[in-house]
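The structure under discussion appears below in the form of structure tokens.
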Amino acid sequence: MNSYNINKGIGRTVEFKGLKAQYLFIFAGGLLGILILVMILYMAGVSSYICLFFGAGGASLIVWQTFSLNRKYGEYGLMKLSARKRHPRYIISRKAVHRYLRHTSKPKAV
């Protein structure tokens, strides 16, 4: 009787040709956007050579930039980078220092 291993990828991130997690979606979305833009330019009557140049240049830029980001930041790097941008560098407090040090008594319950 043959035994088959199933669900070997549970818990792992999606990966395709080295691109992991969100970079895969950025890659696919970018290429789809370039394709749609080239189709719109072609239907608008722009020269086919300009459309080809724009499509090839845009697609190569998307591929290069996505693999560069994947190599630089890793699997969770973009999420960490965006979280770091949202986190304040320092907390500004405009109260006087003695207001923090003063003991306040709580009202007693009746």
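One residue alone among Leu101, Leu52 is open to solvent by 100 Å² or more (accessible area, probe 1.4 Å) and modelled with pLDDT of 85 or more, and that residue is Leu52.
Give Leu32, Leu37 a once-over and let me know the one that is open to solvent by 60 Å² or more (accessible area, probe 1.4 Å), within 23 Å of the chain's Cα centre (by Cα) and closer than 18 Å to Leu19 by Cβ. Spell out how you get there, then give the answer.
Details: Leu37 fails: closer than 18 Å to Leu19 by Cβ.
Within the list Leu32, Leu37, the selection yields Leu32.
The values are calculated or read from the model by the stated rules, or taken from the named source; none is laboratory data. Just so we're clear, the structure is a prediction, and the values are computed from it rather than from any experiment. Cβ coordinates were reconstructed from backbone atoms using ideal geometry, including for glycine residues, and neighbour counts include every protein chain displayed. In case anyone asks, the SASA skips ligands and DNA or RNA and just uses the protein heavy atoms, side chains included. Shrake-Rupley method; radii C 1.70, N 1.55, O 1.52, S 1.80 Å.
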